[in-house]
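The values are calculated or read from the model by the stated rules, or taken from the named source; none is laboratory data. Only a predicted model underlies this, so the values are computations on that prediction, with no experimental measurement involved. All Cβ positions, even for glycine, are placed from backbone atoms using ideal geometry, and neighbour counts span all protein chains on display. Accessible surface is based on the protein model in full, side chains and every heavy atom, while ligands, DNA and RNA are left aside. Shrake-Rupley method; radii C 1.70, N 1.55, O 1.52, S 1.80 Å.
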Amino acid sequence: MYNILVFLMASGLAYGAEIALPAASFERAGTVHAAYRTGQLAAGSGELTIRWTDAYGRLIENRRIEVRLNGENQIGFTLDLGRATAMRNQLTARFLFDGVNQRGQPDHRDEEAKAEFIARPSNRSWWDYEIIMWQHRTPDQVAALKTIGISGGQWVGRNRSLPDFLLNNDLRWYAENIATDFYSEYHRYFPDRRNDWKFLEAREQYKKDRSSKEPFKRHPSLNDPYWQAMIHDRLVETAKYYAPYRPFFYSLGDESGIANLAAFWDFDFSDESLVPMRRWLRERYATLRALNEQWGTDFRDWDAVIPPTTDEAMKREGENFSGWSDFKEWMDVAFASALKMGADAIHSVDPEAYIGIGGGQMPGWGGYDYSRITESLNAIEPYDIGNNIEIIRSLNPNMAVLTTSFATGPWEKHRVWYELLHGNRGLIIWDDKSAFVGGDNAIGPRGKETAPYYEELRGGLGALLINSRRAADPIAIHYSQPSMRIEWMLAQRPKGGDWVLRNSSTEYRDSNFLRLRESYCRLIEDEGLQYNFVSYRQMERGELARGGYRVLILPHSTAMSEAEARAVREFVEGGGTLIADGEPAAFDEHCRRLPKSWLADLFEQKTGRAVLLKADVLNYHRDRVVGREGEVKRVMGELLGRVGIKPEFAVTGPSGNPVTGVETHVFRNGGVRLVALLTNPELRIDELGPPEFKSNDRFAKPVTVRLALPGERFVYDVRQAKALGRQREVSVALDPYEPTILAVAAEEIPTMQLAAPARVRLGGSVEVGIRFATPTPAENHALHIDVVNPDGKIVPFYSGNLLAHGGTAAKRVALALNDPPGRWEARVKDLLSGQSKTVSFEVY
């Protein structure tokens, strides 16, 4: 039995027995002062037994306290929260007492009280890879899912009850769909109709009367003060309820957007929107005269300013779409501001929380200006469309990005690896057919298929990549929302009023602007290089110079501000190379055609620093699937080679040339480079048009490539946990669906060393110390630790991943009183070098 310090405190009359805790949840550190309260005041002696158990069935404490009361009814005791392992914990107190009450009468008590508390998860930052099951399952099914790497679940954030099926398995969750009725009103679940019925209704209403602006009034408006206050308060209350459990993230809404996903629509002409829009315009233009000059209008006062509808803008003579474009920009601002309002509301309660949206759409309409969204949120689950993943990680590398898995088969495995290498930190599983686990709690076919690579991702490899910095070559691709707007208008204007029939899918399938951007990405990747997107707003703020870029690509950057054009000019004058197509900077940032492009003279100078491509870049992403890279690949390779941009780690085929369809990913980790090679097919192959392009067969074959290193280096095969020695070049037999990941360093990674006490008492704590024999070249080592009991079984709740910053770390294991005595082991694997070490200790 263990004695603890006892506090005897007088109090007034109490009814019944209870355990009093100072809060409902606690951090896993420090001491908590608690109390057992019995009935009326009394004098005498007795015994209080305190049992502390958790969701794993661990008996953490079993204390017997000898008690002497002298007119008290409250007995204090302490809890060491550093011993907590699970979120859900239960205290059971039994009080045996004999004495006299205040009247001097005999008083015998045999009573019991229980209390629960939450030990908050230790994770404050998203440093490990998480695999989340969206569908709810029984506690036994969840227990089975944990064995294949599932690490969390989903729970609707508006619920005011807890997901016991997750808590009882000590799993976290993300808070889903908290404010979908605000952020996703035109595309959300309704029990009795289509999820987009409100959008279709507005569209039909406008088709009947194209002079009416009523169909263009969003209900609710993103700027409605009543709705903003209501959503703000709801989010605050949600955060208060769920913050103790540290959700992976709070999801404001699913498949959110100004209208229906990324569909084009003329929202929002409501007064709630137009009034703040006018204030925004006044800040931008300062005077009404300046606005009228830009728009080509003659408004007499600010209250009269109303932007044109799309029909009105299309019918106007000339090519000044300023009023229309400014209105579309305002709606992007309104959407991003509404998201920030939601994030700020949650952060007012849970300041370290991740807040995002689910089902993020392609860059474009619906509020999806990622230069603004990445400033409003710090988490997102986007569908990988239109290079939004690359845009997000370029604009905000610290944003936690997840992807959703719907499919099965080898290409789905490939996609999970692909998204990880492009910066994802987790996976949400959609399992509407219950293919992961059956009603008999047995792992189903989809679970068996994914288990090997889920376990690998969760076994420390995901953590290693997340805690390394993805590298890019000095190539910038311009990300321009104004250019997207004018390209859309120029493409749709000749079709007249047909725009009203478009939907989100149409915008994706019918966008040359989007396809061109994707082709540039594939072109660069097929040269063995990487890139960053630089947004139109970043360019105005000097990112080209600050980022050290040497090549700037303008993919139909038709609209550009004077500040952007000045930045481009300074970039070229400073020795940078400009590659463009179409008519760059032919329109200003408001989408008004300029008398002459701000950049025209750069291309007229024939210095070779500004190149206007004539080759067909548009269809490269499609043509490469069938081996028709053509002239454009040769031209791009020559242009990049001419300015000296070459891969740090060159991948070549038998011909000695870069290999089409093999992407090179480089991650920096101190003095170590992680080099990952993965085939690079088209993710949405079924959308490439004619049947001949709808197959990734070209990339579905093993390929052997040569990886040239920048000198002699120590090389480690990360996935095979094998040291390859000093190499200048490595031959890689690349699987079509899985990556090869190598750690490359100028210095050898030193020997890992472990230390642990020789013996530890049951109920005590053991600390496993981990270090390297000499200073390591890596900034962060990702370690996986398996704690093994005397029966040779891995104890999952004592095991897991650990980061060793600078090569040192410690793993504390708080043993339970009901753990088996005998010889235990801690087996530690360093993911970078593949070293595995074991240390043992006796538990008695």
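Which condition number in (1) without any contact (Cβ under 8 Å) to a residue 12 or more places away in the chain; (2) surrounded by 14 or more Cβ atoms within 10 Å (Cβ to Cβ) is the one that Val766 fails? Single failed check for Val766: (1).
In segment 229-249, the residue that is farthest from Ala175 (Cα to Cα) out of those that are among the hydroxyl-bearing types (Ser, Thr, Tyr) and under 22 Å from the mean Cα position of the chain (by Cα) is Tyr245. Residue under question is Asp98, and the condition is that it be touching a strand residue (DSSP E or B) at 6+ places or on another chain (Cβ under 7 Å), under 29 Å from Phe165 (Cα atoms) and not hydrophobic (A, V, I, L, M, F, W, C); does it hold? The answer is no for Asp98.
How about segment 152-170: which of its residues are surrounded by 19 or more Cβ atoms within 10 Å (Cβ to Cβ) and within 13 Å of Ala243 (Cα to Cα)? Result: Gly157, single match. Listed conditions (1) part of a strand (DSSP E or B); (2) more than 22 Å from Asn168 (Cβ to Cβ); (3) modelled with pLDDT of 95 or more are all met by Glu72, apart from (3).
A search for C-beta distances below 6 Å between a residue of segment 174-189 that is over 17 Å from Ser376 (Cβ atoms) and in a loop (DSSP other than H, G, I, E, B) and any residue that is modelled with pLDDT of 95 or more and of a type in the set (Lys, Arg), counting only pairs 6+ apart in sequence or on different chains, returns Tyr186/Lys198. Elements of the type helices (runs of 4 or more DSSP H) sitting completely within segment 275-389 and holding at least 1 residues that are open to solvent by 10 Å² or more (accessible area, probe 1.4 Å), polar (S, T, N, Q) and out of contact with any Phe, Trp or Tyr (no Cβ under 6 Å at 6 or more places or on another chain): these cover 288-295, 322-347, 370-376. Annotation: of all residues in segment 648-677 being in contact with a strand residue (DSSP E or B) (Cβ under 9 Å, 6 or more places away or on another chain) and open to solvent by 40 Å² or more (accessible area, probe 1.4 Å), the one that is nearest to Glu748 (Cα to Cα) is Gly671.
Scanning segment 22-43 for residues that are open to solvent by 40 Å² or more (accessible area, probe 1.4 Å) and not β-branched (Val, Ile, Thr) gives Pro22, Ala23, Ala24, Glu27, Arg28, Ala29, Gly30, His33, Arg37, Gln40.
Of the set (1) within 12 Å of Leu171 (Cα to Cα); (2) in a loop (DSSP other than H, G, I, E, B); (3) open to solvent by 10 Å² or more (accessible area, probe 1.4 Å), all apply to Ala86 but (3).
The conditions of being touching a residue at least 40 places away in the same chain (Cβ under 8 Å), over 17 Å from the mean Cα position of the chain (by Cα), more than 28 Å from Ala804 (Cβ to Cβ) and surrounded by fewer than 23 Cβ atoms within 10 Å (Cβ to Cβ) are not met by Arg194.
Within segment 430-452, being within 18 Å of Val416 (Cα to Cα), acidic (Asp, Glu) and open to solvent by 20 Å² or more (accessible area, probe 1.4 Å) holds for one residue alone: Glu449. Looking only at segment 518-542, filter to residues that are touching a residue at least 24 places away in the same chain (Cβ under 8 Å) and more than 24 Å from Val617 (Cα to Cα); which one of those is surrounded by the most Cβ atoms within 10 Å (Cβ to Cβ)? Taking the candidates together, the pick is Gln538. When the residues of segment 97-124 are filtered to those that are free of Cβ contacts under 8 Å to residues at least 60 places away in the same chain and outside any strand (DSSP E or B), the one that is most open to solvent (accessible area, probe 1.4 Å) is Arg103.
Can you tell me how many residues within segment 200-259 are polar (S, T, N, Q), surrounded by fewer than 20 Cβ atoms within 10 Å (Cβ to Cβ) and touching a residue at least 60 places away in the same chain (Cβ under 8 Å)?
In the first step, residues of segment 200-259 are kept if they are polar (S, T, N, Q); the result is 205, 211-212, 221, 223, 228, 238, 251, 256.
After this cut, where a residue has to be surrounded by fewer than 20 Cβ atoms within 10 Å (Cβ to Cβ) as well, the list is 205, 211-212.
Now drop any that are not touching a residue at least 60 places away in the same chain (Cβ under 8 Å), which leaves none.
Residues that pass the stated criteria total 0.
For segment 735-748, a residue qualifies if it is open to solvent by less than 10 Å² (accessible area, probe 1.4 Å) and within 20 Å of Gly711 (Cα to Cα), and the qualifying residues are Ile741, Leu742, Ala743, Val744, Ala745. The set of residues from segment 140-154 being in contact (Cβ under 8 Å) with a residue 24 or more places away in the chain and not in a helix (DSSP H, G or I) comprises Thr147, Ile148, Gly149, Ile150, Ser151, Gly152, Gln154. For the subset of segment 484-512 comprising residues that are among the hydrophobic types (A, V, I, L, M, F, W, C) and open to solvent by 30 Å² or more (accessible area, probe 1.4 Å), which member is farthest from Leu678 (Cα to Cα)? This residue is Leu501.
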